[in-house]
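No lab work stands behind these numbers, since they all come straight from the coordinates. From a predicted model like this one, the values you see are computed outputs, not experimental measurements. Here the Cβ is made from the backbone with ideal geometry for all residues, glycine too, and neighbour counts use every protein chain on show.
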Amino acid sequence: MNPEDHLSGEDRAIYAWQMDLPGFGESAQAMLRRSTALVSRCGGVGGHIAFSLAAAGIGKLVLAHAGDLRPDDLNRQILMRHEGIGRPRTESIVATLRAFNPGIEVEAVPENVGAENVSRLVDAADMVFSAAPLFEERFHLNRACVELGKPFVDCAMYGMEGQVIPVLPGKTACLACLYPEMPPHWRRRFPVLGAVAALAGNVGAIEGIKLLTGLGTSMAGRMIFFDAAEMRWRTIGLERKTLCRVCGSGAEAES
Amino acid sequence: MSLRIRVSFTGQLARAAGVKEQTWEAPEGTTPADLVVALARERGGEFAALLLNAEGQPRPTTLWVVNGEQVASEPGGRPLEDKAEVVLMTPIAGG
Ligand SMILES: [Zn+2]
């Protein structure tokens, strides 16, 4: 064990019940503490991802989310604060997470992921979580994660449904394998119950923690899909496309 | 003999259909693409626009799942078997 892997007395007190998990223990806790996670947008889904990673004791969170807080964010965006309406969302995000767990590092980036910042943001992370309401941002992240070989978890919801896709670049289907072009019918405004967004985000957080620590069985290569209206869950085997424009031979053709 | 296929819809497709599942009788040899085109023709409107492009070809962005495994969203796939469970999923990105 490296010297920095030794947990402090406070760490042991905070994470004691988590380290009781079979297959977890101090080594997994130390692995989490050494890890940096990027979360693209801390809204209804990503806010819960960040919150659960903070609770689990991730070393550092990098949180990308532009814009000022609006009243209609508050039915689902758990890191926001009512008093923060009209102010940058990152202010609420940082205040909430620092108050909850001052033992982790939090870096808020008041920008959404785009062509200009994606490589820098992804390069600095060990694990990437994708939870933006637009496919453009998800595709930017997907491409950078494939190029830089970073594991990532795409988390999305719609109405009472949610889906989570853990991706190991070069090994399992990437987002472009699923969606070879921009989905033409997706709209920025989608129906959302906060608890359903929370469910999608937390399934994603669990899959990310699995990939970081080796806990449980990763669903990489599959999509976890749920319909909370019927409480029906499916896991779907995904096809990695040899001609994928991002992770397959289509990438070389394009570049 | 005809096939009895159970088809489920998710996301915007379920909204457009107004139902989440239905059964569909189809002749032997029906491929997933045949099923998608036939369903789109029957329901028409927004439902059809989600599944097919302006040329009437299946959209590659709709996910087709047969018995729990994704299959390519394009013509020429393996014919469906009797009692197959098909899920047609539109892309979602709510965050
Ligand atoms: Zn791919």
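With r as the distance between the Cβ atoms of B:Ala49 and B:Glu81 and R0 = 35 Å, compute the FRET efficiency 1/(1 + (r/R0)^6) and round to 0.05.
For B:Glu81 and B:Ala49, the calculated efficiency is 0.75.
How many percent of DSSP beta bridges within the protein assembly as shown run antiparallel, rounded to 5?
Within the protein assembly as shown, antiparallel bridges account for around 60 percent of the total.
Using only alpha carbon pairs under 8 Å that are at least six residues apart, calculate the relative contact order of chain A and give it in whole percent.
19
Quick one: dipole size for the stretch A:1-62, taken about the Cα centre, charges +1 on Lys/Arg Cβ and -1 on Asp/Glu Cβ, in debye to the nearest 20.
300
One-quarter of the Cα convex hull surface for chain B, in nm²?
On the way: hull surface 23.8 nm².
Average of the hull's projected areas for chain B equals 6.0 nm².
Among the aspartates and glutamates, which have Cα under 14 Å from the Cα of B:Lys20 when same-chain residues fewer than 8 positions away are ignored?
A:Glu161, A:Asp227, A:Glu230, B:Glu85
Please arrange B:Arg41, A:Arg188 by counting, for each residue, the other beta carbons lying within 10 Å of its beta carbon, fewest first.
On the way: B:Arg41 12, A:Arg188 8.
By the 10 Å Cβ count, ascending, the order reads A:Arg188, B:Arg41.
As I understand it, the value is the acute angle between the Cα axis of helix B:32-43 and the longest principal axis of the Cα atoms of chain B; what does it come to in degrees, rounded to 10?
60
Tell me what chain B gives for mean residue ellipticity at 222 nm when only DSSP H runs of n ≥ 4 count, each as -39,500 (n - 2.57), the sum divided by the residue total, rounded to 500 deg cm²/dmol.
After summing the helix terms and dividing by residue count, I get -7500 deg cm²/dmol.
When the convex hull of the Cα atoms of the stretch A:34-108 is projected onto a plane and the area is averaged over all directions, what value comes out in nm²?
Its Cα hull, projected and averaged over all orientations, spans 4.2 nm².
For each of A:Cys247, A:Cys174, A:Cys155, count neighbouring Cβ atoms within 10 Å of the residue's Cβ, then give the residues from fewest to most.
The order, fewest Cβ neighbours first, is A:Cys247, A:Cys174, A:Cys155.
Provide the per-residue ³J(HN,Hα) series for the stretch A:58-72, in order, calculated from phi with Karplus coefficients 6.51, -1.76, 1.60 and θ = phi - 60°, each as a whole number of Hz, with x at glycine and proline positions.
Whole-Hz 3J(HN,Hα) from phi for the stretch A:58-72: 4, x, 9, 10, 10, 10, 9, 7, 8, x, 9, 5, 10, x, 7.
Please rank A:Ile49, A:Ile165, A:Ile104, fewest neighbouring Cβ atoms within 10 Å first, as an exposure proxy.
Final ranking by Cβ density, sparse to dense: A:Ile104, A:Ile165, A:Ile49.
Sort out for me the Cα centre separation of the stretch A:134-166 from the stretch B:10-28, rounded to whole Å.
Here the answer is 26 Å between Cα centres.
Quote the convex hull volume per residue of the protein assembly as shown, based on C-alpha atoms, as a whole number of Å³.
Value for the protein assembly as shown: 145 Å³ per residue.
Using per-residue counts of other Cβ atoms within 10 Å, averaged over each peptide, order A:106-116, A:90-100, B:6-16 from highest down.
B:6-16, A:90-100, A:106-116
Which one of B:Ala33, B:Leu80, B:Leu52 is farthest out on the positive end of the charge dipole of the protein assembly as shown, using unit charges on Cβ (Lys, Arg +1; Asp, Glu -1) and the Cα centre as origin?
Highest projection toward the positive end goes to B:Leu52.
So for the protein assembly as shown, taking the charge dipole from beta-carbon charges (+1 Lys/Arg, -1 Asp/Glu), which of A:Leu211, A:Leu148, B:Thr10 sits furthest toward the positive end?
B:Thr10
How far apart, in nm, are the 7 Å Cα→Cβ label points at A:Glu230 and A:Ala195?
Reported label-point gap for A:Glu230 and A:Ala195 is 2.0 nm.
I want the antiparallel fraction of DSSP beta bridges within the stretch B:2-89, as a percent rounded to 5.
For the stretch B:2-89, the DSSP antiparallel bridge percentage is about 75.
If you count, for every residue in A:67-73, the Cβ atoms of partner chains within 10 Å of its Cβ, what is the mean?
Details: counts 0, 0, 0, 0, 0, 0, 0.
Rounded to a whole number, the mean comes out at 0.
For each pair in A:Lys60/A:Lys171; A:Lys171/B:Lys83; A:Lys150/A:Lys241; A:Lys241/B:Lys83, compute the distance between the two Cα atoms and list the pairs where it is over 30 Å. Please list the in-between numbers first.
Values: A:Lys60/A:Lys171 26 Å; A:Lys171/B:Lys83 32 Å; A:Lys150/A:Lys241 19 Å; A:Lys241/B:Lys83 27 Å.
Long pairs (Cα-Cα over 30 Å): A:Lys171/B:Lys83.
Using the crude model of +1 on Lys and Arg Cβ and -1 on Asp and Glu Cβ, and no other charge, please compute the dipole size for the protein assembly as shown relative to its Cα centre, in debye to 20. Working shown, then result.
Working: 35 positive and 41 negative charges, 78 e Å.
Dipole size: approximately 380 debye.
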